[in-house]
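Peer 1: Pasting a structure here, questions to come.
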Amino acid sequence: MRTGIFVGSFDPYTIGHHSIVERALPLFDKIVIGVGVNERKQYIQSAEERLQAIRTIYRDEPRVEVKTYSDLTIDFAHRENAGYIIKGVRSVKDFEYEREQADINRRIGGIDTVLLYAEPKYESISSSLVRELIHFGKDVKEFLP
């Protein structure tokens, strides 16, 4: 079985994230969405809230599982028997960061990364932008699946 993991803090999970998963589904038998938990980060939603929100989106898609993790992505990938890490890229800045991460993950864990470029209509959408809009009381429904 070809399994990929798609990881992030997903605070919140945006339509850009959803697009990456939908486009990755034809490539994999199973995708495990890993909701990252980092005690050094401050979130607007708890890990449980993020987990449940994403599970609701994929409740009718048996090929998608959603789990939390708090260790290295490569360790999560090994636990899930994933052969690939799936990442979305919006810009050159994202690409450089993800390229470095992919190199380290391949070196220490032997797992390759599949990069999917964001659809142009989603390039400007990020969780941090959506969090900022929420902070100032703006309606963000159009950015969430």
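Peer 1: Is it the case that some residue within region 20-38 is of a type in the set (Phe, Trp, Tyr), under 22 Å from Asp112 (Cα atoms) and surrounded by 14 or more Cβ atoms within 10 Å (Cβ to Cβ)? Spell out how you get there, then give the answer.
Peer 2: Step one: list which residues in region 20-38 are of a type in the set (Phe, Trp, Tyr), which gives 28.
Those still in the list that are under 22 Å from Asp112 (Cα atoms) too: 28.
Remaining after also requiring surrounded by 14 or more Cβ atoms within 10 Å (Cβ to Cβ): 28.
Within region 20-38 (the criterion being of a type in the set (Phe, Trp, Tyr), under 22 Å from Asp112 (Cα atoms) and surrounded by 14 or more Cβ atoms within 10 Å (Cβ to Cβ)), the answer is yes, since at least one residue qualifies.
Residue-wise test of (1) surrounded by 14 or more Cβ atoms within 10 Å (Cβ to Cβ); (2) among the polar types (S, T, N, Q).
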| site | (1), (2) |
| --- | --- |
| Gln45 | yes, yes |
| Glu48 | no, no |
| Ala53 | yes, no |
| Ile74 | yes, no |
| Ile86 | yes, no |
| Arg90 | yes, no |
| Arg107 | no, no |
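Peer 1: In addition: Return the total of residues in region 1-23 being of a type in the set (Gly, Ala, Ser) and more than 16 Å from Thr73 (Cβ to Cβ).
Peer 2: Step one: list which residues in region 1-23 are of a type in the set (Gly, Ala, Ser), which gives 4, 8-9, 16, 19.
Applying the additional criterion that residues be more than 16 Å from Thr73 (Cβ to Cβ) yields 16, 19.
Looking only at that region, the number is 2.
Here's the yes/no breakdown for (1) free of Cβ contacts under 8 Å to residues at least 60 places away in the same chain; (2) farther than 16 Å from Arg90 by Cβ; (3) part of a strand (DSSP E or B); (4) basic (Lys, Arg):
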residue: Phe6; (1), (2), (3), (4): no, no, yes, no
residue: His18; (1), (2), (3), (4): no, no, no, no
residue: Arg23; (1), (2), (3), (4): no, no, no, yes
residue: Pro26; (1), (2), (3), (4): yes, yes, no, no
residue: Ile33; (1), (2), (3), (4): yes, yes, yes, no
residue: Gln42; (1), (2), (3), (4): yes, yes, no, no
residue: Glu48; (1), (2), (3), (4): yes, yes, no, no
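Where a number appears in this text, it was derived from the coordinates with a stated rule and is not lab data. Computed from a predicted model, the values in this text were never measured in an experiment. So basically every Cβ, Gly included, is an ideal-geometry build from the backbone, and we count neighbours across all protein chains shown.
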